[in-house]
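One structure is given below, encoded as structure tokens.
The values are calculated or read from the model by the stated rules, or taken from the named source; none is laboratory data. Values in this document were obtained by computation on a predicted structure and should not be read as measured data. Positions of Cβ are generated from backbone atoms using ideal geometry, with glycine treated the same way; all protein chains shown enter the neighbour counts. Please note that ligands, DNA and RNA were not included when accessible areas were found on the heavy atoms of the full protein model with its side chains. Shrake-Rupley method; radii C 1.70, N 1.55, O 1.52, S 1.80 Å.
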Amino acid sequence: MAYRAEPPDGGWGWMVVLSAFFQSALVFGVLRSFGVFFVEFVAAFEEPAARVSWIASIGIAVQQFGSPVGSALSTKFGPRPAVMTGGILTALGMLLASFATSLTHLYLSIGLLSGSGWALTFTPTLACLSRYFSRRRSLAMGLALTGVGLSSFAFAPLFQWLLNHYAWRGALLLVSALSLHLVACGALLRPLSLAEDPVVGGPGAQITSLLRHGPFLRYTVALTLINTGYFIPYVHLVAHLRDLGWDPLPAAFLLSVAAISDLVGRVASGWLGDAVPGPVARLLMLWTTLTGVILALYPVAEAPTGLVALTMAYGFTSGALTPVAFSVLPELVGTGKIYCGLGLVQMVESIGGLLGAPLSGKGNKISRWAMAAVFYHGGCRGELI
Amino acid sequence: MRALQGLRGPRAPSLPLLLLCFLAALRRSLEHGLSTAAPFTSLPVQEEMMTKSSNLSLESHSISMTAAPFTSLPVQEEMMTKSSNLSLESHSISMTVEHSNMPVEKNITLERPSNVELICQFTPSGDLNSVNVTWKKGDKLLEGNYLVNATGGILYTQHRVAVINSKQMGSYSCFFGEKKQQRGTFNLKVPEINGQNKPLITYLGDSVVLMCKCQDCLPLNWTWYGGNGSVQVPIGVPVNDKYVISGKHANETRLKITQLSEDDQGTYLCHAIFELGESEGHVKLVVLSYLVPLKVFCAIAAEVVLLVAAILLFEMYTQKKKKPSDDGKEFEQGEQLKLDDSNGIENSGPRHRKNESVGQ
């Protein structure tokens, strides 16, 4: 294949966007909607819900910690084999899970096996996407990441329907078949050779050079801080609303509102990131500052209209910062090192994600929101440097 | 015509002396279940009920008989509650002329024997005195045992039932008026059992737990019946390994069935036995074979294979069009997946620098 001087910014790139869209749907949409299965597992294995939810925790942990492995493999062999292997692993994990006789069986098959499958798919895809676009990178990212939000809407009812008709064993079998489409998505990732590739060398060399790269390290720390604060609002929003006297149904509805504005925020920010000239990092600063401010306002808002407005704004800004966060990285490290860079970032920021929720559980109501706001501001400062 | 009757028994004149004598006489005759004054022919039936319930709630009956015939209702109620060992429940329906076409119904759930007081209130448009009041159980007219009162333009009628066994359960209706009858109905029922609304899906060789639950009640006993079609066979009677009946709390029952086969399909009934009757819930069981989802899986897997093949073939086709000189080895199927990709990044083979854009 020919070496390109710069990314094509279109053409086959849009097929890569499509592939990334379906992949984020199949990875994170499945993860988010898995809660439907947990109810069945609790009844079938007669285990408490806390132990059953470890399945998802293990899966997410393996996916994030395994990201560097995924990116190293895709640097060496290209994204296509990595993603296709990942798809087969994921489907295999789900297939074996349908024969499970105990909860440990599920931890290993879904958590470990499918988790490593997911690790091999998500990071290489996003990295490949950022190689295909330069001018319209943020928009492409935003569009691709909408797959997560839309699939959360679609998969939860779908999984419930599957459970009603096939019970959990049959439903897992069919989710496995669904995950096989990751292989098809992987096939779409035509490898691209850019001019910088021979310069940066293999994965080992890339990782060592990244670890010595000052801006990259600061960026990683900033993103970790942001990630620590990211999940806190989602975890505590419903509890906060209930404390204020909301009923469960309107509270759940408000979460859906947040999800929709998250979706809109991603696309809008993606478009904005490309339309506005200059370094994308400034936009990231803008969104993180706004999110921090909004979160700080939460303890003050009491009236329903205020809360709804705040939630919509929060959804928008937190959705907005996601594609921008991913777009900053190629600017920092160059498209040649993007695979490894993204893998490392994912791994480190997952530590933040893991710590964030339990840390926030310790404080009282107001301190939670303050903590989240602080994390976001910390991330913002990191960007300033 | 208004029926002015004392509650459960003869009407005594409100003289203190007679009150005392009557009390004494009643206590003596308690064992024989006789009443010293019995002007009404329907009394024997009432007496029988009275005897049974009077083992538990003696004083209340006697006091109310000798009280002035029309103390206001609340006072009588109060006395009943204080002295009865059986709990008293009071339920009322109010009707106005506007609701003439809609039958007014109230469902009462009873689990244990108790005294139940049914009160109908009616606001007639015309004259109070011209309204005829009757009570029926099912279709049978009830005589005696009820009280009618009129205060402030509203007609009250009250019927008390001592519910001891399933014979006293059913529908009690109060009727106002002769021609255009207003009807209020009280349905006395045992608590309902919740089975499972959705059918349970299981697979051959698997095991399943069927559960029936009662929200706020404690049945005396549970039994399970299963059957295909109309024949209901009790389960667990010859105790074997296949069926295990258990229950963590008294208000639920679990039936565990192991080694499922196609014959186990169907509707299972859980029977709850109360002092006042029986109630049942349904659980539907469907047994599938593994082939059912497996076929869908294979279909989807085949579709994925087709998609992948189509994508790769399309790519090879477009690349063939652009690099006609590079046929043969480099673009053969099978191995080419890995070679194709590493070609761009690591392969030390000859590089083809062309000006055409890739993948357009």
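Quick notes on this one:
- Contact order for chain A, expressed relative to its length and based on alpha carbon pairs under 8 Å spaced 6+ residues apart, stands at 26 percent.
- Where chain A is the region considered: accessible area per residue in Å², 1.4 Å probe: 37
- Taking all protein chains as they are arranged and a probe of 1.4 Å, the heavy atoms of A:TRP271 leave approximately 150 Å² accessible to solvent.
- Solvent-accessible surface (1.4 angstrom probe) belonging to B:SER130, in square angstrom, nearest 10: 80
- Think of chain A as having a plus end and a minus end, set by charges on the Cβ of Lys, Arg, Asp and Glu; of A:VAL39, A:PRO250, A:PRO330, A:PRO330 sits farthest toward the positive end of this dipole.
- Of the chymotrypsin sites (Phe, Trp or Tyr not before Pro) in segment A:72-152, those whose Cβ has at most 16 other Cβ within 10 Å and which sit in DSSP loop: A:PHE99
- Unit charges at the beta carbon, dipole of chain A: most positive-side option, A:LEU73, A:ALA49, A:LEU108: A:LEU73
- Here chain A is treated with +1 on each Lys and Arg Cβ and -1 on each Asp and Glu Cβ, and its dipole about the Cα centre works out to around 540 debye.
- Semi-axes of the equivalent ellipsoid for segment B:164-224, Cα gyration tensor, largest first, Å: 41, 16, 8
- For B:ASP216, the shell of other residues with beta-carbons less than 11 Å away shows a net charge of -1, using +1 for Lys and Arg and -1 for Asp and Glu.
- Based on DSSP H segments of at least four residues, each scored -39500 (n - 2.57), chain A has a per-residue ellipticity at 222 nm of -26500 deg cm²/dmol.
- Label zone (B:THR318, point 7 Å along Cα-to-C-beta; backbone nitrogen cut-off 11 Å) within segment A:14-57: A:14-16.
- Cβ-Cβ FRET estimate between B:GLU143 and B:ILE245, R0 fixed at 56 Å, reported to 0.05: 0.75
- Reciprocal mean inverse distance between Cα atoms of segment A:35-159 - Kirkwood radius, Å: 15.7
- Across segment A:66-209, Cα pairs under 8 Å and at least six residues apart give a relative contact order of 40 percent.
- Its convex hull of Cα atoms gives segment A:97-220 a direction-averaged projected area, equal to a quarter of the hull surface, of 10.7 nm².
- Lys/Arg +1, Asp/Glu -1 at C-beta; segment B:156-222 dipole; positive extreme among B:GLN158, B:PHE176, B:PRO191: B:PHE176
- In this calculation the C-beta distance from A:PHE99 to B:GLU192 is compared with R0 = 22 Å, giving a FRET efficiency of 0.05.
- When the surface is traced with a 1.4 Å probe over the full set of protein chains, A:THR305 keeps roughly 110 Å² accessible.
- The mean of 1/r over all pairs of different alpha-carbon atoms in chain A, once inverted, gives a Kirkwood hydrodynamic radius of 21.2 Å.
- Accessible-area composition of segment A:51-165, carbon plus sulfur, in percent [1.4 Å probe]: 76
- Taking all protein chains together, B:GLU89, A:GLU6 sort by accessible area into A:GLU6, B:GLU89, largest first [probe 1.4 Å].
- Ranking by accessible area, most exposed first, for B:LYS320, B:LYS248 with a 1.4 Å probe: B:LYS248, B:LYS320
- Area buried, chain A against chain B - accessible surface, total, 1.4 angstrom probe, square angstrom: 3500
- Separation of alpha-carbon centers, segment B:269-285 and segment A:128-164, rounded to whole Å: 49
- If you run the Gaussian network model on chain A, springs between alpha carbon atoms under 10 Å, then out of A:PHE28, A:PHE253, A:PHE155 the most flexible one is A:PHE253.
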